[in-house]
Amino acid sequence: MKYKRRKSNARFTAIAAVLASASASAPAVPLTQDLDADAARAERDCKPLLLEFSASDCGYCKLLETEVLNPTLLNSDYDGRVLMRKLLLDSSDRLTDFDGNNRLSAQQLAERYKVWVTPTVLFVDADGKELAERMVGVNTIEMYGGYLDLALDASRDELRARNSCVD
């Protein structure tokens, strides 16, 4: 009995190590430094800019990134659907606003958008206007990817309705 338990524990440890190394090498949602440049790129490619408001010590943020957002970056189908950027609310770094001139902190941007919970995901156009319903917190991680797809479709439809892009 002890041998089987040790063997089972060894397998679990090995699997955990493989998963940890795989997630460590997976791409991560890039931090934004220039919303103006990011928005211009998204507009040029006719896709929404996804803004993930996060915090360094937020366990739900890490869960969302590990289980949904980072794996999405590996899927080439999403290259043409969305441009993802992350904002750390507890960072003192300043970033360029959508107008290309003003510098502000992620916290100031969060206040402008009335973001009070991390993670919060917004879908915005080149002017920073929201395109679809925001996703606040993480309720059911297993369903999050489906909700993300729906929000991306709604964002793309809104861009088309505004004649902001032509396919």
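No value in this document is a laboratory result; all are computed from the given coordinates. In this text, all values refer to a predicted model and were calculated from it rather than measured experimentally. Please note: Cβ atoms are built from the backbone with ideal geometry, for glycine as well, and neighbour counts cover all protein chains shown.
Brief remarks follow.
- Computed extension gain for Asn102 through Ala161, at 0.36 nm per residue and net of the alpha carbon distance, reaches 18.3 nm.
- Projecting label points 7 angstrom from Cα along Cα→Cβ for Arg112 and Ala28 puts them 2.5 nm apart.
- Cα-projected label distance for Asn139 with Asp45, points at 7 Å along beta-carbon direction, nm: 3.0
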